[in-house]
Amino acid sequence: MPRKPFEGVQCRCEFHTMELGCPLQRLFSTFPNGWPGAGLLLLRFCLGIALVCLGTAGFSEKSSEPTAFVLNLIAGVGGIFLLAGLWTPPIGAMIALDEAWMALVLYSPTPANTRTHIFLAILAASTAMLGPGAWSIDARLFGRKRFVIDRTRGKRPSL
């Protein structure tokens, strides 16, 4: 019989294991319904519509920089994802970085454009932190689950 290398030594440590669930569930804590959910829906819609409008307006401008094309593409596609409520925290963080880049690095002819991009970056960061709400695709895919437990299992039927 082969000997174990640490025979006779007791291990006093416990290994803590965690079951891996849905990784997107941990990015936001709740899917609020009612008035808070309506507020998140309104926030997502206003931000999404503004981003789609600014992204498409950026395509109509004659810009020779490929960076401007990519930034406007991120804004437009990110706005569509926010309107649907799909992958809200990562998309919101990406849009916040995109808008901050537009405000701080790219040249803006007027200070009003800079303020607009900073405002959109703050709204996108807020949306990323708060999550999608109950009325979103994220809530349908990764939201609360309802388990129905059959309490009559193993019991005799009553007469």
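The values are calculated or read from the model by the stated rules, or taken from the named source; none is laboratory data. The structure presented is a predicted model; accordingly, all values stated were derived computationally and were not measured. Methodologically, a virtual Cβ is constructed for each residue, glycine included, from the backbone with ideal geometry; neighbour enumeration extends over all protein chains shown.
Please enumerate the residues belonging to the range 50-93 that are in a helix (DSSP H, G or I), of a type in the set (Ser, Thr, Tyr) and out of contact with any Leu (no Cβ under 9 Å at 6 or more places or on another chain). Quick ask: steps written out before the conclusion?
Quick first cut of the range 50-93, residues in a helix (DSSP H, G or I) only: 50-60, 66-84, 88-93.
Narrowing further to those that are of a type in the set (Ser, Thr, Tyr): 56, 60, 67, 88.
Within the range 50-93, Thr56, Ser60 meet the criteria.
Is one or more of the residues making up the range 124-143 surrounded by 15 or more Cβ atoms within 10 Å (Cβ to Cβ), farther than 17 Å from Phe31 by Cα and modelled with pLDDT of 85 or more? Don't jump to the end; show me each part of the working.
Step one: list which residues in the range 124-143 are surrounded by 15 or more Cβ atoms within 10 Å (Cβ to Cβ), which gives 124-125, 127-128, 130-139, 142-143.
Next, only the ones that are farther than 17 Å from Phe31 by Cα stay: 124-125.
So of that shortlist, the ones also modelled with pLDDT of 85 or more come out as 124-125.
Yes.
Among the numbered conditions (1) modelled with pLDDT of 90 or more; (2) out of contact with any Pro (no Cβ under 7 Å at 6 or more places or on another chain); (3) of a type in the set (A, V, I, L, M), tell me where Leu40 comes up short.
Status for Leu40: all satisfied but (2).
Six or more apart or on different chains, Cβ atoms under 9 Å: show the pairs whose first residue is in the range 65-92 and more than 9 Å from Gly55 (Cα to Cα) and whose second is part of a helix (DSSP H, G or I) and polar (S, T, N, Q).
From residues that are more than 9 Å from Gly55 (Cα to Cα), the pairs are Phe81/Thr88; Leu82/Thr88; Leu82/Thr127; Thr88/Thr127; Pro89/Thr127; Ile91/Thr127; Gly92/Ser126; Gly92/Thr127.
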